[in-house]
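*Asks:* If you scroll down you'll find the structure; I have some questions about it.
The values are calculated or read from the model by the stated rules, or taken from the named source; none is laboratory data. Remember, it's a predicted structure, so these values are computed and weren't measured experimentally. Using ideal geometry, Cβ is built from the backbone for each residue, glycine included, and neighbour counts are taken over all protein chains shown.
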């Protein structure tokens, strides 16, 4: 069994990725969100819903043991959330983190300047990258509901290619990263499909 902890489980991308995880019979999920009643449990035999706040280190430390991967799909005070996640993972010995950020945090999108709107994403990614965790930071383009097609990947330091990414493609990439030990560890990847 591979046990995945999804932080921010009611977010659009997380809600789209949860059923993709459940296509794999060896996966068990813990969906962590502020108001658990907002989600119906898609498979009570394999999914546990936990109500909590990502900025509450004690709550994270209570839920993390026994998991193999943390997938963080968050909004709000991202640097504070990243600090808490990193500290809780270090305290519990959990190493693998998939952290969703945004395209443009390094000024890598040709012809675009996103200014301060991306500061929280940039700051949180910097905290994750400075940690000793086995992280993968994903920097997706804008979401759309197109079909699952191969993702276009750019690495940190390369110009971002494309602009948008289908939720189906990004979900498939997240699941593949979570279920393939060592894949793209300590990497920051720009992701698009168009």
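*Asks:* Could you tell me how many of the residues in the stretch 1-37 are under 15 Å from residue 168 (Cβ atoms), crowded, with 19+ Cβ neighbours inside 10 Å and in contact with a strand residue (DSSP E or B) (Cβ under 8 Å, 6 or more places away or on another chain)?
*Replies:* 5
*Asks:* Considering only the stretch 84-121, how many residues are assigned to a helix (DSSP H, G or I) and either closer than 12 Å to residue 135 by Cα or modelled with pLDDT of 95 or more (or both)?
*Replies:* 11
*Asks:* Of the conditions (1) under 26 Å from residue 143 (Cβ atoms); (2) in a helix (DSSP H, G or I), residue 32 clears all except one; give me its number.
*Replies:* (2)
*Asks:* Give the residue, chosen from 58, 126, 130, 40, that is more than 21 Å from residue 2 (Cβ to Cβ), free of Cβ contacts under 8 Å to residues at least 12 places away in the same chain, within 16 Å of the chain's Cα centre (by Cα) and surrounded by fewer than 21 Cβ atoms within 10 Å (Cβ to Cβ).
*Replies:* 126
*Asks:* Still on this model: Can you find even one residue in the stretch 186-193 that is buried (at least 19 other Cβ atoms within 10 Å of the Cβ), at pLDDT 95 or above and more than 24 Å from residue 79 (Cβ to Cβ)?
*Replies:* yes
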